[in-house]
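Shown next, in structure tokens, is the structure this report addresses.
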Amino acid sequence: MSALTAEVIGQRTRAAFPQVQPLATENGRPFLQVAPGDLQQVLRFLCSERDLRFDTLMDLTGYDLLKYPMVPPSDAIVVVYLLWSHVHRHKTTVKVLAPRADCRVPTASSIWPAALYFEREVWDLLGVHFEGHPSQKRIMSPDDWTGHPLRKDYLYPVDYHGVPHLRDGQHFEHVPARPGIPAVAPAPKKSTP
Amino acid sequence: MAEPITPAPQAPRDPTQTPGNQKPGNRQDEQVQLAAVDEFLAWGKENSLFYLLFATACCGIELMQAGGPRYDIDRLGMIPRATPRQADLMIVAGTITHKMAGRVRTLWEQMTEPRWVVSMGSCANSGGPFSKWSYSVLNGIDKYVPVDIYIPGCPPRPEALIDGVMALRERVRIYRTFGHRSTTPHIVAGADAPFGSHAEKDKPPEQAP
């Protein structure tokens with residue numbers, strides 16, 4: 001019944017799964033990096049282990065590493081699990097890197113049912129396919145939407161159901177030229193005095 | 001004491017005809033008021049613009065405030081209705097995404113004629129702050145439903161909404177059931193103009209030199 005530090009949580013997880021890497025972000029927030037193949041076992045271990053007992057999935061989110069200034073550069077999609085234990089009152093973060101070409105991660109909904117909606121959201125916005133999810137479909141965008149908007153290489157829609165997306169033939173500045181639509185040069189930056 | 005009202009002197013009637021005030025139904029004790037029917041109906045519609053209880057973003061807060069005790073839009077005969085079948089007016093208050101736009105169109109189609117649409121706020125007018133960098137926001141609800149009154153503002157003050165409603169009442173009165181329906185959108189002057197849209201009216205009269 002005592003909260004464990006992130007260091008101890010990392011050691012306990014590493015004792016069971018040597019391939020898990022306890023790392024820290026640039027601003028010092030610790031996390032556990034897991035390979036997609038080991039994810040379900042590690043999450044089940046974190047949920048059921050007596051001393052860890054992460055019984056709550058607080059959040060499941062993700063982000064795109066493309067164009068992110070990191071060494072070495074990566075184009076993977078990161079899925080982040082924020083876990084919290086009501087029993088021991090400690091928390092941890094688990095990250096898994098899904099390669100962009102084959103963006104597949106096993107589902108966590110069999111461990112925490114709260115993951116059902118979170119995984120639909122990550123699928124909708126980032127295009128990560130969660131294997132084993134009972135209904136993997138979009139949750140915010142319309143069902144017939146194309147692309148996953150929070151990917152860094154997402155192209156904005158020209159129209160939706162024949163309704164143009166912008167007014168009066170305007171076009172997004174940062175989108176590369178597409179057939180039939182001229183690209184607009186970015187507006188010059190204002191110089192601040 | 002008020003002076004007694006004396007009837008105006010009338011022209012002498014033709015004695016061969018029955019005087020009008022002697023015909024059945026027109027006697028002093030059974031008079032009826034006559035007016036053009038469509039004018040009367042327009043008067044009723046103008047004074048009972050029931051609006052759809054529908055808001056999608058922060059403009060809805062200003063819409064609620066306009067219905068609150070300080071601005072009390074109910075005094076114009078405007079009562080929110082929770083179903084489009086009973087609503088005459090749709091106030092599109094807030095951001096409309098591409099996903100929502102189809103639903104707005106469905107709600108508009110469920111309203112009975114004559115139906116009116118007020119586009120409230122920059123988001124419903126043109127996408128507002130989301131018009132340039134958002135992938136999901138529709139840039140103006142007028143791409144889906146015909147808009148009668150545009151009210152700029154982010155969000156507009158309740159005064160601006162009431163100003164738009166007054167412009168719409170005028171339009172309803174002119175429409176008169178079988179009359180011509182104006183398709184020209186009306187844009188309420190924004191808060192930047194001094195004294196709102198009445199700046200011209202409020203000018204002091206020019207004085208003689």
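Read-outs: derived from the displayed coordinates by stated rules, not from any lab. Just so it is clear, the structure is predicted and the values come from calculations on it, not from any experiment. All Cβ positions, glycine included, derive from the backbone under ideal geometry; neighbour counts span all protein chains shown.
Report ³J(HN,Hα) in whole Hz for each residue of the range A:112-121, in order, from the Karplus equation J = 6.51 cos²θ - 1.76 cosθ + 1.60 where θ = phi - 60°; Gly and Pro get x.
Along the range A:112-121, the couplings run 10, x, 4, 6, 4, 6, 4, 6, 5, 5 Hz.
State the answer as a single residue: which of A:F118, A:Q136, A:V71 lies farthest towards the positive end of the charge dipole of chain A, with beta carbon charges of +1 for Lys and Arg and -1 for Asp and Glu, about the Cα centre.
Final value for the positive-end residue is A:V71.
What is the average number of partner chain Cβ atoms found within 10 Å of a Cβ in A:158-166?
On the way: counts 0, 1, 8, 4, 1, 8, 3, 10, 4.
Mean shielding count: 4.
Can you give the net charge of the other residues whose Cβ lies under 12 Å from the Cβ of B:V104, counting K and R as +1 and D and E as -1?
Net local charge, B:V104 excluded: +2.
In terms of modelled amide H atoms, which long-range or inter-chain residues lie less than 5 Å from the amide H of B:H186?
Answer set, sorted by chain and number: B:I149, B:Y150.
If you fit an axis through the alpha-carbon atoms of helix A:6-16 and take the longest principal axis of the Cα set of chain A, what angle between them do you get, 0 to 90°, nearest 10?
That works out to roughly 70 degrees.
Starting from the Cα of A:R44, step 7 Å along the direction of its Cβ; do the same at B:R103; then give the gap between the two resulting points in nm.
Taking the simple label geometry, A:R44 and B:R103 are separated by 3.9 nm.
May I ask you to list the trypsin sites (Lys or Arg not before Pro) in the range A:1-73 that are in a DSSP loop and have at most 10 other Cβ atoms within 10 Å of their Cβ?
Details: sites: A:R12, A:R14, A:R44, A:R50, A:R53, A:K67; in loops: A:R50, A:R53, A:K67.
Passing both the DSSP loop test and the Cβ count: A:R50, A:K67.
Count neighbours as other Cβ atoms within 10 Å of each site's Cβ, and list the chymotrypsin sites (Phe, Trp or Tyr not before Pro) in the range B:64-158 that are DSSP loop with at most 15 such neighbours. Write out the running numbers ahead of the final one.
On the way: sites: B:Y71, B:W108, B:W116, B:F130, B:W133, B:Y135, B:Y144, B:Y150; in loops: B:Y71, B:W133, B:Y135, B:Y144.
Passing both the DSSP loop test and the Cβ count: B:W133.
Would you mind checking the pairs A:K91/B:K99; A:K137/B:K99; A:K91/A:K152 and listing those with alpha carbons more than 26 angstrom apart? Intermediate values should be presented prior to the final figure.
Working: A:K91/B:K99 37 Å; A:K137/B:K99 15 Å; A:K91/A:K152 29 Å.
Distance filter (> 26 Å) returns A:K91/B:K99; A:K91/A:K152.
Given the C-alpha centroids of the range A:121-168 and the range B:119-144, what is the distance between them in whole angstrom?
Here the answer is 19 Å between Cα centres.
Per-residue Cβ counts within 10 Å, from other chains only, averaged over B:133-139: what number is that? All intermediate terms of the calculation are to be shown ahead of the outcome.
On the way: counts 4, 3, 12, 9, 1, 4, 7.
Rounded to a whole number, the mean comes out at 6.
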